[in-house]
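The structure under discussion appears below in the form of structure tokens.
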Amino acid sequence: MLKENIQNHNLKMGRDALGKLLEKHQLLIVTKRKYATTTQSYHHFKKWSNLIENWQPSQSEQLWVSDITYLRTENGFIYLSLITDAYSRKIVGYHLSQQLKAKGCITALQKAIKSRKKTLQKLIHHSDRGIQYCCD
């Protein structure tokens, strides 16, 4: 929209310079982001040591990684607890919940355990050590 006006004034300006100019004169629209915080890492519960630092799995069912994400609905947020096999990147367990509680993570883990094929193999379950994964 401004390109023709800028050219008529013989101004040469790149994207970054234009952005700085608009910001200086408060002409940018500030967007308000709505988001949910799913990780609370500052808590008093025990945090287990990181067993996978500088290590990569060589086959499936050696390392599962867990995380929680949120999905926006008309009524707010719902929370999706996922457990993914780090080697195959297959989702091995999941649970959808209306509350951000440890119960959702436990249910996802129980589903993942039921789906195991190599039940005698050593398996590491890794998470971001948020409160849902460390609480009693």
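Observations on the model:
- Meets criteria (part of a loop (DSSP other than H, G, I, E, B), touching a strand residue (DSSP E or B) at 6+ places or on another chain (Cβ under 9 Å), modelled with pLDDT under 90 and charged (D, E, K, R)) for Asp136: no
- Test: residue in region 35-45 that is part of a helix (DSSP H, G or I), touching a strand residue (DSSP E or B) at 6+ places or on another chain (Cβ under 8 Å) and open to solvent by less than 60 Å² (accessible area, probe 1.4 Å): no
- A single entry from Ser88, Ser81, Ser97 fulfils the requirement of being open to solvent by less than 70 Å² (accessible area, probe 1.4 Å), among the hydroxyl-bearing types (Ser, Thr, Tyr) and under 18 Å from Pro57 (Cβ atoms): Ser88.
- Annotation: Gly104 fulfils all but one of (1) closer than 26 Å to Ser58 by Cβ; (2) buried (at least 16 other Cβ atoms within 10 Å of the Cβ); the unmet one is (1).
- Residues located in region 54-95, provided they are more than 23 Å from Lys114 (Cβ to Cβ) and in contact (Cβ under 8 Å) with a residue 60 or more places away in the chain: none
- The number of residues in region 74-126 that are in a strand (DSSP E or B), more than 25 Å from Asn50 (Cβ to Cβ) and modelled with pLDDT under 90 comes to 2.
The values are calculated or read from the model by the stated rules, or taken from the named source; none is laboratory data. Here the structure is a predicted model, which is why all the values come from computation and not from measurement. Every residue, glycine as well, gets a Cβ built from its backbone with ideal geometry; the counts of neighbours run over all protein chains shown. Calculation scope for accessible area: heavy atoms of the full protein, side chains included, ligands and nucleic acids excluded. Shrake-Rupley method; radii C 1.70, N 1.55, O 1.52, S 1.80 Å.
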